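J.: Take a look at the following structure, please.
The values are calculated or read from the model by the stated rules, or taken from the named source; none is laboratory data. Just so it is clear, the structure is predicted and the values come from calculations on it, not from any experiment. With ideal geometry, Cβ positions are generated from the backbone for all residues, glycine too; neighbour counts draw on all protein chains shown.
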Amino acid sequence: MTNPYVPVLVLMAVAAVLALGGVGASAVIGPKRYNRAKLEAYECGIMPTPHAVGGGRLPIKYYLVAMTFIVFDIEVVFLYPWAVNFAYLAAYGLIAALTFLALITVPFVYEWRRGGFDWV
Amino acid sequence: MNDFVPPHIDWAALSPIIVVLGAGIVGVLVEAFVPARARRTTQLVLSLGGLLGALVAIGLLWDSVQSNVILVVGDSFDLTPFGLAIQGIVVVLAFLSMLVIADRSGGQDAFAPTAAAVPGSRYEEEARRAGLQQTEVFPLALFSTGGMMLFAATDDLIILFVALEVLSLPLYVLSATARRRRLLSQEAAFKYFLLGAFTSALTVFGIALLYGFAGSVHLPVIADALAGRGDSPLAGLHVLAVAGIVLVCVGLLFKVGAAPFHTWTPDVYTGAPTPITGFMAVCTKAAAFGALVRVLFYLGQGFDAATRHEVHVLLWTVAIATMAIGTIVGVVQTDIKRLLAYSSIAHAGFVLVALVAFDEVATSAVLFYLLAYGLATLGAFAVVSLVRERIATDDAGAGGTRDSLILGEATHLAQWAGLGRKAPWLTAAFVLFLLSMAGVPLTAGFVGKFAVFGAAIHAGAWPLALIGGVASAISLFYYVRIIVLMVFTPASDEAGDGVPAAGAGVAGPLGAAGVAEPRGAADVAEPLGAAGVATVTQARPATRAVVTVMTGWGPAAVVVALCAIGVVLLGVVPSWVLDLAAGAAKFVP
Amino acid sequence: MAVTNYLILAAILFSIGATTVLLRRNAIIVFMGIELMLNATNLAFVTFARIHGDLTGQVLAFFVMVVAAAEVVVGLAIIVTIFRTRRSASVDDVNLLSR
């Protein structure tokens with residue numbers, strides 16, 4: 001009935017109003033009493049980046065563990081579809097999944113050999 | 001339950017990519033198990049061998065792919081002559097880049113001993129003294145090359161996205177690993193990463209819209225749906241398709257470095273280690289243009305007149321803006337790496353000129369231009385990596401300590417004055433590369449420009465070709481400016497360089513005024529490294545730096561020679577490569 | 001139909017993410033904006049998969065998730081390196097190259 005682009009325009013307008021309006025409204029009507037904690041990025045209740053004495057040393061292991069976790073945790077998602085259809089995919093699926101696991105092991109071995117897991 | 005039919009996989013046709021990525025994986029294992037002192041040699045042999053193997057595989061596939069297109073993995077990846085040709089160009093240029101990466105003229109490679117250490121910290125200094133090396137750059141570059149080869153050879157948009165990330169993520173890391181001016185290097189990686197991640201998010205949203213439109217991410221199916229032959233419930237929503245195509249193109253144009261999305265290019269090219277800049281400038285651009293041609297030309301088959309017109313308007317605008325920004329802003333640059341970055345933006349514009357044609361004349365022109373541009377640019381960056389600063393102390397020539405006094409690259413244009421007298425052969429090669437970029441006859445660049453403008457005129461886009469000609473004329477101005485500077489202007493520090501012991505005192509004040517002043521920005525960039533010669537950072541208020549050129553046959557010098565030979569060959573006898581390119585012009589099965 | 005609501009939600013989330021990237025100054029928050037864009041894309045993918053009645057979209061969502069994870073790791077590494085040098089994660093402070 002109408003131009004097909006009209007709903008898109010409406011959608012973009014709604015999105016713009018929501019996004020800009022939220023930022024704008026809080027800038028205009030929100031009370032502004034800043035303190036240090038409010039200005040920090042929120043990170044699960046801990047100090048976003050620990051400010052160590054002397055300004056030098058960060059517990060870099062925190063980031064190393066986080067990165068290792070993210071990578072090896074998320075990659076496993078590819079195993080779910082295989083697990084669901086394990087019987088149907090038969091030998092082909094098994095070989096593919098094992099190849100995938102072997103490839104995942106390579107960076108794991110690298111990190112282990114280069115001391116990425118020496119936490120204690 | 002019916003039986004599972006495994007997809008057909010043609011391993012032979014996949015072999016170039018498998019060899020490169022496999023070499024990368026073995027490289028990671030080498031990092032894990034080979035003792036530190038043997039790593040560099042092993043990695044070098046492995047990566048060069050892997051790329052050579054891939055090149056051989058491409059050569060073996062060449063004839064069979066000419067006669068019939070090979071469907072590789074089901075229908076998600078098919079090997080066309082065009083895809084194979086782009087893979088060949090990427091592998092050849094990556095091989096040359098790998099030699100520049102391996103170069104150690106001046107005693108050190110271009111990469112930080114420990115890229116993770118804080119610049120100027122004690123830990124970094126200890127790592128430097130222990131002679132640690134970042135050999136991870138070789139597998140990272142191999143992974144990136146593998147991603148580029150996949151990028152240009154797939155018809156499946158999601159594989160396109162995965163390949164985009166496989167080629168980008170190693171590049172983000174590599175950008176941050178420069179041995180000198182580490183803050184600039186980290187900043188380059190930071191900018192590249194944030195902008196790259198933003199555009200890849202835009203791209204994947206565009207892919208989602210195209211999937212919604214056609215019910216598939218397979219390019220032929222989307223082209224059918226565009227032509228109204230699809231059976232998708234949303235096929236009537238043409239707006240989804242147009243928005244999707246635009247968003248996907250944004251991602252590809254970003255990688256290409258075209259005009260509205262070019263802003264990262266000068267900063268990243270300047271900050272990244274020079275060998276990596278060369279690799280990024282030529283290989284990424286070749287792969288991204290391959291993907292752009294493939295996506296646009298494939299979908300172009302399904303366009304109706306109106307859509308085709310809209311896409312044409314978009315391409316014309318982007319091409320003109322890219323050429324204009326690349327040439328006009330390039331004129332006022334004072335840093336050689338920034339200047340080459342703007343030159344590469346301008347070249348992206350010239351290739352886009354051919355793209356408006358949407359036919360096979362254009363694809364072969366794009367292939368030839370990418371090779372010509374790649375050889376000249378890679379050679380130029382290899383020369384940049386050999387022009388260094390040296391601390392002019394009285395005992396500089398006294399023997400053993402001399403190597404450690406060689407500093408980073410002398411990238412300010414003022415420091416390039418009089419280079420012709422210090423290193424005539426290297427300067428001659430650089431002049432050749434600049435002339436090729438400018439498109440002077442008897443160089444590869446001339447034939448390339450002739451081909452792309454010819455393709456545009458062939459398609460009736462002569463105004464665009466005319467603008468391209470004007471832009472090349474303007475760019476000639478700044479290339480010639482550098483040539484005059486190198487060949488005819490005397491160096492400000494010449495006396496100090498020739499006679500270190502006696503001349504340093506006489507020429508000291510003059511040279512310091514001429515050379516040290518433009519280094520101000522770099523000194524600001526290194527607030528932490530004030531310890532002078534011993535640190536790898538560069539703040540040295542009292543010391544005078546002179547420009548010196550690494551001579552001798554290191555790998556980078558070999559690359560310069562090979563690129564120069566290539567540029568001349570492609571310029572004088574271009575017919576055999578043009579024939580190859582014309583044979584590889586077929587972009588759809 | 002009700003399914004389109006998910007598409008509208010995806011578009012809104014994507015716009016909020018893009019606005020965050022363009023407006024915010026803290027690198028970590030800019031980064032979160034990019035993640036929001038990718039997750040909005042995932043929502044669009046699974047919704048389209050539902051509309052078309054095929055599984056491709058769901059598989060694609062997996063790929064986007066994994067790529068996003070890889071991006072987080074590389075990006076976080078770069079941001080942490082910058083922060084350790086400069087004590088600042090503001091995108092405005094990173095301006096040595098634009099002189």
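J.: In the range B:207-239, what residues are facing another protein chain (nearest Cβ under 9 Å), closer than 30 Å to B:Ile320 by Cα and among the aliphatic types (A, V, I, L, M)?
T.: Result: B:Ile207, B:Ala208, B:Leu209, B:Val239.
J.: Going through the range B:300-329 one residue at a time, which ones are of a type in the set (A, V, I, L, M, F, W, C) and loosely packed, with under 14 Cβ neighbours inside 10 Å?
T.: If the condition is that a residue be of a type in the set (A, V, I, L, M, F, W, C) and loosely packed, with under 14 Cβ neighbours inside 10 Å, then B:Ala305, B:Ala306, B:Val313 are the ones that fit.
J.: So which pairs qualify, if the first residue must be in the range B:358-369 and closer than 23 Å to B:His309 by Cα, the second must be of a type in the set (Lys, Arg), the Cβ gap must be under 7 Å, and the two must be at least 6 apart or on different chains?
T.: Going by the 7 Å Cβ cut-off, the qualifying pairs are B:Glu360/B:Lys586.
J.: Quick test for you: out of C:Thr4, C:Thr56, C:Thr85, C:Thr47, pick the one residue that is of a type outside the set (Gly, Ala, Ser) and within 11 Å of chain A (Cβ to nearest Cβ).
T.: Being of a type outside the set (Gly, Ala, Ser) and within 11 Å of chain A (Cβ to nearest Cβ) holds for just one of C:Thr4, C:Thr56, C:Thr85, C:Thr47, which is C:Thr4.
J.: Please work out which one of (1) within 14 Å of chain C (Cβ to nearest Cβ); (2) among the aliphatic types (A, V, I, L, M); (3) out of contact with any strand residue (DSSP E or B) (no Cβ under 8 Å at 6 or more places or on another chain) is the condition B:Ala272 fails and give its number.
T.: B:Ala272 satisfies all of (1) within 14 Å of chain C (Cβ to nearest Cβ); (2) among the aliphatic types (A, V, I, L, M); (3) out of contact with any strand residue (DSSP E or B) (no Cβ under 8 Å at 6 or more places or on another chain) except (3).
J.: Counting only residues that are part of a helix (DSSP H, G or I) and either of a type outside the set (Gly, Ala, Ser) or more than 30 Å from B:Asn68 (Cα to Cα) (or both), how many does the range B:1-34 have?
T.: Qualifying residue count, the range B:1-34: 18.
J.: Please find, within the range B:431-456, the residue that is surrounded by the most Cβ atoms within 10 Å (Cβ to Cβ) out of those that are part of a helix (DSSP H, G or I) and free of Cβ contacts under 8 Å to residues at least 60 places away in the same chain.
T.: B:Leu434
J.: Can you tell me which residues in the range B:211-229 are under 18 Å from C:Arg50 (Cβ atoms) and surrounded by fewer than 23 Cβ atoms within 10 Å (Cβ to Cβ)?
T.: B:Ser216
J.: Next up: Looking only at the range B:538-552, filter to residues that are part of a loop (DSSP other than H, G, I, E, B) and closer than 20 Å to B:Gly420 by Cβ; which one of those is modelled with the highest pLDDT?
T.: The qualifying residue modelled with the highest pLDDT is B:Met550.
J.: Okay, next question. Which ones in the range B:107-154 are surrounded by fewer than 20 Cβ atoms within 10 Å (Cβ to Cβ), small (Gly, Ala, Ser) and within 14 Å of chain C (Cβ to nearest Cβ)?
T.: B:Ala116, B:Ser121
J.: Can you name the number of the only condition in (1) surrounded by 11 or more Cβ atoms within 10 Å (Cβ to Cβ); (2) modelled with pLDDT of 75 or more; (3) closer than 22 Å to C:Ile28 by Cβ that A:Thr49 fails?
T.: Of everything listed in (1) surrounded by 11 or more Cβ atoms within 10 Å (Cβ to Cβ); (2) modelled with pLDDT of 75 or more; (3) closer than 22 Å to C:Ile28 by Cβ, A:Thr49 misses just condition (2).
J.: Only residues that are at the interface with another protein chain (Cβ under 7 Å from one of its Cβ atoms) and either farther than 22 Å from B:Leu292 by Cβ or touching a residue at least 60 places away in the same chain (Cβ under 8 Å) (or both): list them for the range B:171-187, please.
T.: Listed by number, the residues that qualify are B:Val173, B:Ala176, B:Leu183, B:Leu184, B:Gln186, B:Glu187.
J.: Which of the residues that make up the range B:91-146 are farther than 17 Å from B:Ser47 by Cα and assigned to a helix (DSSP H, G or I)?
T.: Result: B:Arg122, B:Tyr123, B:Glu124, B:Glu125, B:Glu126, B:Ala127, B:Arg128, B:Arg129.
J.: Select from the range C:23-38 the residues that are of a type in the set (A, V, I, L, M), facing chain A (nearest Cβ under 10 Å) and more than 19 Å from C:Phe63 (Cα to Cα) and list them in ascending order.
T.: Across the range C:23-38, the qualifying residues are C:Leu23, C:Ala27, C:Ile28, C:Ile29.
J.: Further question on the same structure: Right, A:Glu75: closer than 21 Å to B:Ile25 by Cα, surrounded by 14 or more Cβ atoms within 10 Å (Cβ to Cβ) and in contact (Cβ under 8 Å) with a residue 40 or more places away in the chain or not?
T.: Here the answer is no, as A:Glu75 does not meet what is asked.
J.: On the given criteria, is B:Phe111 among the aromatic types (Phe, Trp, Tyr) and closer than 28 Å to A:Gly115 by Cβ?
T.: yes
J.: Next question, about the same structure. Answer with yes or no whether C:Thr41 is part of a helix (DSSP H, G or I) and within 12 Å of chain A (Cβ to nearest Cβ).
T.: no
J.: What tally of residues in the range B:190-213 results from selecting those that are in contact with an Asp or Glu (Cβ under 8 Å, 6 or more places away or on another chain) and among the small types (Gly, Ala, Ser)?
T.: 2
J.: Please specify each residue of the range A:94-120 satisfying the condition of being facing another protein chain (nearest Cβ under 8 Å), over 18 Å from C:Phe63 (Cα atoms) and free of Cβ contacts under 8 Å to residues at least 12 places away in the same chain.
T.: A:Val106, A:Val109, A:Tyr110, A:Trp112, A:Arg113, A:Arg114
For (1) of a type in the set (A, V, I, L, M, F, W, C); (2) under 30 Å from B:Ile245 (Cβ atoms), each residue gets a yes or a no:
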{"site": "B:Ala112", "(1), (2)": "yes, no"}
{"site": "B:Tyr123", "(1), (2)": "no, no"}
{"site": "B:Arg128", "(1), (2)": "no, no"}
{"site": "B:Gly131", "(1), (2)": "no, no"}
{"site": "B:Pro139", "(1), (2)": "no, no"}
{"site": "B:Phe143", "(1), (2)": "yes, yes"}
{"site": "B:Phe151", "(1), (2)": "yes, yes"}
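J.: Scanning the range B:130-188 for residues that are in contact with a Leu (Cβ under 8 Å, 6 or more places away or on another chain) and of a type in the set (Ser, Thr, Tyr), which turns out nearest to C:Ile78 (Cα to Cα)?
T.: Top of the filtered list is B:Ser144.
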